[in-house]
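Worksheet for the structure shown next.
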Amino acid sequence: MKTVLAAILILAAAIALMCVGIIFKGKFPETEVSRNENMKKLGIKCMREQEEEIKSCTGKYSEDCVGCGFYNNKEK
């Protein structure tokens, strides 16, 4: 019984400590890739945006290919 009570107390303390950041910031961190500013800065895009880029690929190099990744910037 003491072990179960100790485990419950440790879990409660861990959950409370994880909530500290959310409580002080006043909002839950943004996890949606398309709306997260840090992911935008790193150039990470959501799958929907990547699919749109792939669909616009014609097989020939154009200005749309700069961020695509299928062509190197040297190929023109």
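If I ask for residues that are at pLDDT below 80, among the polar types (S, T, N, Q) and exposed (fewer than 10 other Cβ atoms within 10 Å of the Cβ), which ones from segment 25-44 would you list?
THR31
May I ask you to verify whether ILE10 is surrounded by 10 or more Cβ atoms within 10 Å (Cβ to Cβ), at pLDDT 80 or above and not in a helix (DSSP H, G or I)?
Criteria not met by ILE10.
Output the residue which, of all residues in segment 22-34 that are part of a helix (DSSP H, G or I) and under 18 Å from the mean Cα position of the chain (by Cα), is farthest from ARG48 (Cα to Cα).
ILE22
The values are calculated or read from the model by the stated rules, or taken from the named source; none is laboratory data. Note that this is a predicted model, so its numbers are computed, not measured. Here Cβ is always computed from backbone atoms with ideal geometry, including for glycine, and neighbour counts include all displayed protein chains.
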